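Here's the structure, in structure tokens; my notes come after.
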Amino acid sequence: MKKKIFSLLLRSGWIKKQPSGAYLCANPSDAIKGLLEFRVPEIMKTAEKDYAFTRLSAVEIWSDFSYVQRGFEKSPYFIKVLQKDLKYWKEFFNKNEIPNYVESGATIGEYVVLIPVGRLSFEEKSGFKVEHLKETMQYAKSNEIYAYASEYMDNKYGASE
């Protein structure tokens with residue numbers, strides 16, 4: 001556990017390795033700035049393979065971010081990818097130093113949960129590839145916690161059956 005926390009502190013900029021091999025704590029204002037930047041949306045624009053934001057991430061996008069699931073301490077993105085492209089996506093996020101998991105997982109800060117699928121279908125919304133509105137609205141209606149986003153989408157796009 002100590003190694004994981006140390007690695008996270010290093011990756012997020014809270015500590016910095018010196019040429020001598022020692023480590024120094026970063027200025028807190030500099031370190032906090034890194035926590036406040038959500039990098040995944042911009043990084044996704046450089047992806048060379050298809051994907052679809054899904055689950056809560058799709059609710060965020062279709063609700064024009066009226067429902068936001070993320071905070072500084074926990075910022076997950078749920079992304080469907082083709083099973084055959086899973087290696088590409090793991091390398092893509094590792095190269096960009098974004099923690100990533102397959103099917104489930106969590107860490108402090110921003111991370112991605114990859115959901116491998118056999119077939120991928122999506123629409124483009126706000127510059128992102130996202131699962132279809134109908135699926136997203138069904139997901140939003142599945143839990144009372146998303147009631148505000150569900151109502152927003154009903155009003156904007158029309159109630160779904």
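The values are calculated or read from the model by the stated rules, or taken from the named source; none is laboratory data. This one's a predicted model, so the numbers in the text were calculated from it and none came from an experiment. Note that we place each Cβ from the backbone using ideal geometry, even for glycine, and neighbour counts take in every protein chain shown.
General observations
- Residues that are under 12 Å from the mean Cα position of the chain (by Cα) and either surrounded by fewer than 20 Cβ atoms within 10 Å (Cβ to Cβ) or among the acidic types (D, E) (or both) within region 62-77 comprise V68, Q69, R70, G71, K74, S75, listed in sequence order.
- K129 buried (at least 18 other Cβ atoms within 10 Å of the Cβ), within 19 Å of M44 (Cβ to Cβ) and among the basic types (K, R): yes
- Failed item in (1) touching a Ser or Thr at 6+ places or on another chain (Cβ under 6 Å); (2) exposed (fewer than 14 other Cβ atoms within 10 Å of the Cβ); (3) not hydroxyl-bearing (S, T, Y), with E97 passing the rest: (1)
- Qualifying residue in region 25-35 (condition: modelled with pLDDT of 75 or more, of a type in the set (D, E, K, R) and outside any loop (DSSP other than H, G, I, E, B)): no
- Restricting attention to region 100-131, the residues being touching a residue at least 40 places away in the same chain (Cβ under 8 Å), under 19 Å from L82 (Cβ atoms) and in contact with a Ser or Thr (Cβ under 8 Å, 6 or more places away or on another chain) number 3.
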